[in-house]
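Reviewing the structure listed below.
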Amino acid sequence: MKAVAHDTSFGPGLAYSVLAALSFGLSGTLATPLMAAGWSPAAVVVVRVLIGGVALALPAAFALRGRWHLLREEAALVASYGVVCIGFTQFAYFSAVTHMEVGIALLIEYAAPVVVLGWLWLRDGQRPSRTTALGALIAVAGLVLVLDLFSGASVSLPGLAWGFGAMLGCAVYFVLSARPAALPGVVLASGGMLLGGALLGLAGLAGLVPLHAGAGSVAFRGVAVAAWLVLLAIGVVTCGLAYLFGILGSRRLGSRLASFVALLEVVVALAMARLLLGQAVGPVQLVGGLGILAGVVLVRLGEPARRPEPLADVDQLVHV
């Protein structure tokens, strides 16, 4: 069929990536009351990922429109996405937080944009400009402030190892999400989540991670909400839509810029925790949030012009 130009415009890509950050950023706030009610983190993640995959299954089937051969042709991409980006990354993160504080584990994982910069430099010779490098430094400094790591946090070697594993998995997520492919983004998201969720479930059954449910209701600032309703929101909004928007944004912005826009997730998480859980946000964290925003802007200004890339056919333009 006739080739069409890949949509690399900044506006749509930024909108999708910001929506992904908003969706991902809500996950921690919704999951916290569940874990306080006795749900293990791994159980929340398994349910979240599987619900997200099932929620996108029907749209994925519609996007394929009978072109099931695309699944065979892109089986390696779907498997890599499910195993590395979802299964391994989630497993590594939860293994890290069993050995160190959450803030340190998040900082290591969210250093993934720097890994993406280095990978693109080594693989494609895309040396970051001075503006991009400055933006990266400011964004990482802002992340340190947002996570409030100056309060005496402790680390451990096993925790560091798992944290770096999660960071590499997160970097692979951005690289694979931005990869031009004939496979519609919704199919990649759904297939990857179903595979990753199944692997995490098997890890739980094997005793590698604690997997147990808790109470049937949770509380948000004193208001009781059914646990199944919270799990549904976590699965559909903070997983299904979040991963889908992340793929759509990365394919338009490229892995480098999309990975830095994703740092806004931490800022969103703070805002949602304040709104739904009543958790205080200090002035240092606010300054850190502004630093992340400034870093993202500088990375954008330092981005090289990207040439349009061909897609497989007209249907791909609609169902990317």
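Counted residue by residue at 0.36 nm each, then reduced by the alpha carbon distance between them, the extension gain from L122 to R221 reaches 30.8 nm. You can think of it this way: the chain between L71 and A161 has 29.0 nm of extra reach, that is 0.36 nm per residue less the Cα-Cα gap. In this label model, L202 and A61 are separated by 2.4 nm, measuring between points 7 Å along each Cα→Cβ vector. Rounded to the nearest 20 debye, the dipole magnitude of the stretch 10-306 is 640 debye, with +1 charges on Lys and Arg beta carbons, -1 on Asp and Glu beta carbons, and the Cα centre as origin. Measuring spread by the Cα atoms of the stretch 79-235 yields a radius of gyration and Dmax of 18.1, 54 Å.
None of the figures in this text is laboratory data; all of them are computed from the coordinates on show. Keep in mind it's a predicted model, so treat the numbers as computed, not measured. For neighbour counting, all protein chains shown are included, and Cβ atoms are generated from backbone atoms with ideal geometry for every residue, glycine included.
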